[in-house]
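We did not get these values from a lab; they are worked out from the coordinates using the rules stated. It should be emphasised that the depicted structure is a prediction, and the values quoted were computed from it without experimental measurement. Every residue, glycine as well, gets a Cβ built from its backbone with ideal geometry; the counts of neighbours run over all protein chains shown.
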Amino acid sequence: MKKGTDTVKRGLAQMLKGGVIMDVVNPEQAKIAEKMGAIAVMALERVPSDIRAEGGVARMSDPSMIRGIQKAVTIPVMAKCRIGHFVEAQVLETLGVDYVDESEVLTPADEKFHIAKSGFTVPFVCGAKNLGEALRRINEGAAMIRTKGEPGTGNIVEAVKHIRTMNSEIEVLVTLQKKKNSAGLKKLATEYRVPVELVLEVAKLGRLPVVNFAAGGIATPADAALCMQLGVDGVFVGSGIFKSGEPAKRAKAIVDAVAHFTDAKKIAEASEGLGVAMKGDEMSTLAVKMANRGN
Amino acid sequence: MKHLTIGILAFHGDVIEHKRATEQAAKKLRQKVTVIEVRTKEELSTIDALILPGGESPTLQKLCEREGMWCDIKKIPNIFGTCAGAIMLAKNIGNKSDGQKTLELMNIEIDRNAYGRQTDSFETKLMTALGEMDAVFIRAPRIKSIEKNVTILAENNDEIVACEQKTSTTFYLATCFHPELTTIRFHEYFLRNIL
């Protein structure tokens, strides 16, 4: 019997495909998320838009708060640690969280190194803006990838950019593979700073070897379905739900839109009468671009 | 030869993996099969058999209910459930979430998340009635007890992890692990039993 293998770590993410993972800051929100159909929750002290508004250093949440959320729901509970902060990750693993998000939403602890994730039993999800970043994280042991988007903005534009960037970069690999251009593939592996085997795997699969979700700026059912139609496996919704006028309704609507992401009629039904969406930000007004943290 | 339409409940979970395994199994058996993703009542009404994938059983239940297809699923004569799907098939469940229901089709009692959290998930070599295979258990349930008409197909450390229930008109197959990730033997077995 083996625990913490790649198959086991990547496997949980495979079961989450097609689902919505919601940021929650207390057990009550976690219960609402579960009731409305979230596939998992992300436990954190402040949602990204509050972190943005309040400033200061954002760190791993208080363990007692994470435990409270674990007690409140039966679906998987994820939690965030700072980029490179492997001791926060050790703490989260001890707490028994189901996934650790090494997240740019928190203030990075290390400007050079991400966590060496292969050594952990708990699986990790990491953000990426492009294929190179995604592959570096996978090479470090990430078992799931999500786009960075721009967290806490309620603005989908950056997530779309990151999904499209990754899709087109994967397409380049597939084309090189078809043309049997191994020199070109090797060159890209060097550029991405990852083993050529990993690049070849992506070229053959035509997709990342791990599950890839969208995150960062999803505020409406249509936003979520847009990301799904662009080819991601599922979505994270951070501030978009509990910073909106009617969180329970919006949570359910986003779950429904993702479950039926190709059915415009169903997305229309889900979008009706949801109250006020989070206000959101224009990219040019942001003091901090979280997506630029870690590379 | 009858052409079978197999549906996979596709709201979320490892749907693609089941699709691939079913298609490969059909090819091996030289059985004509169309595999479709099921998200609506209309799609459900076209199938001969249904696969309930891995995922989260309370979430799958909610989406089925919202779609008004919960009762219709109970009428499907052939169902194969893995992990969350096995939970959905069971008559009784332990460690359920608030308001959770099951289809109550199999005479089994099952415990959700029986091994603990994700750090307790594991893979192992498993001896089954279909031979030895790699089995992946992810936040897996455990079948606590079985009643009439249920046959055990696999045990792991004396715990039941796969079983079937066959009558003249129905065939239900449940595994606590995810054969769709490692083998096509359970999909082959399912197809053979519903032909």
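A few comments on the model shown:
- Each Cα pair under 8 Å and six or more residues apart adds its sequence gap; the mean of these over the residue count of chain A is a relative contact order of 20 percent.
- Taking the DSSP bridge list for the range B:50-171 and keeping only pairs wholly inside it, about 70 percent are antiparallel.
- Prolate/oblate/rounded label for the range B:64-195 (Cα gyration tensor, a/c 1.5): oblate
- Student exercise, the protein assembly as shown dipole from Lys, Arg, Asp, Glu Cβ charges, in Debye to nearest 20: 920 debye
- The simple spin-label model puts a point 7 Å past each Cα toward its Cβ; for B:K75 and A:E54 those points are separated by 5.3 nm.
- Inter-site label distance for A:R207 and B:K101 at 7 Å from Cα along Cβ, in nm: 3.2 nm
- Within the shell defined by Cβ-Cβ distances under 11 Å, the residues around A:M42 carry a net charge of -1, with Lys and Arg each +1 and Asp and Glu each -1.
- Distance (nanometres) between label positions extended 7 Å along Cα→Cβ at B:D158 and B:K28: 3.2 nm
- For B:I8, distant residues with modelled amide H under 5 Å away: B:I36, B:E37, B:V38, B:I51
- Each of the peptides B:71-83, B:32-44 was scored by the mean count of other Cβ atoms within 10 Å over its residues; in descending order, highest first, they stand as B:71-83, B:32-44.
- Taking the C-alpha atoms only, the angle from helix A:86-95 to the longest principal axis of chain A is near 60 degrees.
- With Cα atoms defining each centre, the range A:132-203 and the range A:205-280 are spaced 23 Å apart in the structure.
- For chain A, the longest principal axis of the alpha carbon atoms and the long axis of helix A:247-259 meet at an angle near 40°.
- Rounded FRET efficiency, nearest 0.05, which uses the C-beta distance separating A:S182 from B:R66 and R0 of 56 Å: 0.70
- In the protein assembly as shown, taking the dipole from charged Cβ atoms about the Cα centre, the farthest positive-side position among A:V97, A:A53, B:I194 is held by B:I194.
- Charge sum, other residues only, whose C-beta stays under 15 Å from A:A264's C-beta, Lys/Arg counted +1 and Asp/Glu -1: -2
- Applying the Karplus relation 6.51 cos²θ - 1.76 cosθ + 1.60 with θ = phi - 60° to the range A:265-280 yields 3J(HN,Hα) values of 4, 5, 5, 4, 4, 5, 7, 6, x, 8, x, 7, 6, 4, 5, x Hz, where x marks Gly and Pro.
- Relative contact order computed over chain B (Cα-Cα under 8 Å; 6+ residues apart), in percent: 20 percent
- Efficiency of FRET from Cβ geometry, B:T124 and B:E147, R₀ 35 Å, rounded to 0.05: 0.85
- Here the Karplus relation 6.51 cos²θ - 1.76 cosθ + 1.60, evaluated at θ = phi - 60°, turns the backbone of the range B:154-159 into coupling constants of 7, 10, 10, 6, 6, 9 Hz, with x for every Gly and Pro.
- GNM result for chain A, Cα springs below 10 Å: residue of A:A72, A:A270, A:A183 fluctuating most strongly: A:A183
- Net charge contributed by nearby residues that have their C-beta within less than 9 Å of B:A90 (K/R +1, D/E -1): -1
- Global geometry of the protein assembly as shown, whether rounded, prolate or oblate, following the gyration tensor of its Cα atoms and the 1.5 cut on a/c: prolate
- Cα gyration tensor category, rounded, prolate or oblate, for the range A:115-170 with a/c compared to 1.5: oblate
- Between 0 and 90°, nearest 10: helix A:182-192 axis offset from chain A longest Cα axis: 50 degrees
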